[in-house]
Structures are given as structure tokens and as C-alpha cells.
Amino acid sequence: MKLTSQFWTAPNQLTLLRLLFVPFILMSVIDGNYRSALLLFIAAGVSDGLDGLLARLLHQRTTLGEYLDPIADKLLLSSLFLTLSFVHQIPWRYTILVFSRDLSLLVVSAVIYNTTSVRDFRPSIFGKVNTFCQLMAVFFVMLARVRPDFWLRVCRKYFLYATFAFTLISGAHYILLMGKRLHAANHKDPEAAT
């Protein structure tokens with residue numbers, strides 16, 4: 001399927017729509033309007049689930065979608081971590097760790113992509129758990145601003161700790177996984193090792 005055809009599929013259009021939510025969520029957070037930010041964040045989450053479901057139901061899985069979907073997720077989460085740290089809702093240590101891991105993996109993947117035949121950059125199970133923990137951390141940080149209940153503050157703290165742990169675990173696991181993929185690629189193509 002041509003790139004222009006992939007661009008216009010329903011799942012990819014939903015992913016692009018999710019990108020449009022990002023500035024409005026950030027503006028709501030900066031304005032202190034956490035109720036609006038939370039509703040928009042939930043809408044973005046629904047669109048994320050819906051684009052995957054549509055891709056399967058309509059048989060519209062595309063290469064563009066495989067790259068676009070995680071980029072949209074990362075842009076949403078990273079910008080929210082950054083903004084929520086600026087407004088003193090998430091301690092900076094979590095944001096710095098999340099950004100350091102993502103930037104390191106991006107650089108490593110770019111180098112591997114440009115210097116080897118490896119093209120498999122799918123996230124590991126730990127990466128998916130990490131993304132889930134980040135989503136829940138952001139959700140509970142904003143929800144605790146809307147409803148300052150004790151159990152919401154506990155959930156916020158729990159998911160921030162889980163984010164910290166799984167950011168480290170998933171980063172280390174991804175490096176090991178890429179090492180295995182490189183090793184397998186070198187055995188398939190001995191010329192790539194030289």
C-alpha cells in the first residue's frame with residue numbers, strides 16, 4: 001500500500017486526531033483546568049484504543065500506523081510529563097528519567113537503523129507495561145487535582161513509583177533485546193558483521 005493510501009486509512013486518521021488533542025490538553029493543564037485536561041486525555045485514550053480496533057476489524061494495519069501510533073503515544077505522554085513537572089504536579093526526577101530513557105532508545109534505534117539491516121524496533125512487554133504505568137500515573141495525577149481523595153493520591157504515588165521502576169527495567173530489557181536482534185541479523189547476513 002502506498003504511503004498516501006496508508007495516510008488516509010481510518011485508524012491512521014484517528015491517530016492523527018489524537019495528536020491534535022495534545023496542545024489542548026497541555027493548555028488546560030497550564031491554565032489549571034484539570035477537569036478539561038482529564039476529559040481530553042480520556043478522549044485521546046479512547047481514540048488510541050479505537051484506532052487499534054479499527055486496524056484489526058478493517059484489515060488496515062499499515063507500516064505508517066506501526067510508526068505513527070507509538071509516536072503519538074510518546075508525544076502525548078512526554079509532553080504531559082514535562083508540563084506536569086513545570087506546574088509542580090510530577091517531581092522532576094520522574095520526567096528526567098522518562099525523557100532520558102526515550103531519548104537513549106531513540107538514538108540507539110536510529111544508529112542501528114542506519115548502520116545495520118535490523119528493522120524490528122517493536123517494544124518489549126516491559127515497554128508496554130511502562131507505557132501503561134505512565135498513562136496511569138498521568139491519569140491519577142490529574143484526577144487527584146479534580147478530586148483530592150486520599151486513595152487517588154495513593155494511586156498517583158504508586159503509579160509514579162511503577163513508572164520509575166519500569167522505565168529502568170524496560171530500558172535495560174530493550175537494550176538486551178536489540179543486542180539479540182543484532183546478533184540474529186549478523187548470523188543471517190555475515191557481510192553485515194564486517
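Read-outs throughout are calculated quantities, based only on the coordinates presented, and are distinct from any laboratory measurement. Computed from a prediction, not measured in an experiment: that's the story for all the values here. Because the Cβ atoms are built from the backbone with ideal geometry, glycine has one as well, and the counts that use them run over all protein chains shown.
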Legend entry - In order through region 140-147: 3J(HN,Hα) via Karplus (6.51 cos²θ - 1.76 cosθ + 1.60), integer Hz, x for Gly, Pro: 6, 4, 6, 5, 5, 7, 7, 10
Inset, instruction - Express the relative contact order of region 1-89 as a whole percentage, based on alpha carbon pairs under 8 Å and six or more residues apart in sequence. - result: 43
Legend entry - Relative contact order, percent, region 90-194 [alpha-carbon distance under 8 Å, six or more residues apart]: 36
Legend entry - Long-range Cα-Cα pairs in region 1-89 (distance over 18 Å), rounded percent: 44
Inset, instruction - May I have the count of lysine pairs in the chain with C-alpha atoms under 22 Å apart, counting pairs 8 or more residues apart or located on different chains? - result: 5
Legend entry - Point-charge dipole on Cβ atoms (K/R +1, D/E -1) for region 90-194, about Cα centre, debye to 20: 440
Legend entry - Ranked packing of 48-57, 131-140, most packed first, by mean Cβ within 10 Å: 131-140, 48-57
Legend entry - Relative contact order %, the chain, counting alpha carbon pairs below 8 Å whose residues are six or more apart: 22
Legend entry - Prolate/oblate/rounded label for the chain (Cα gyration tensor, a/c 1.5): oblate
Inset, instruction - Mind telling me which of Thr15, Thr116, Thr163 comes out most flexible in a GNM of the chain, alpha-carbon contacts under 10 Å? - result: Thr116
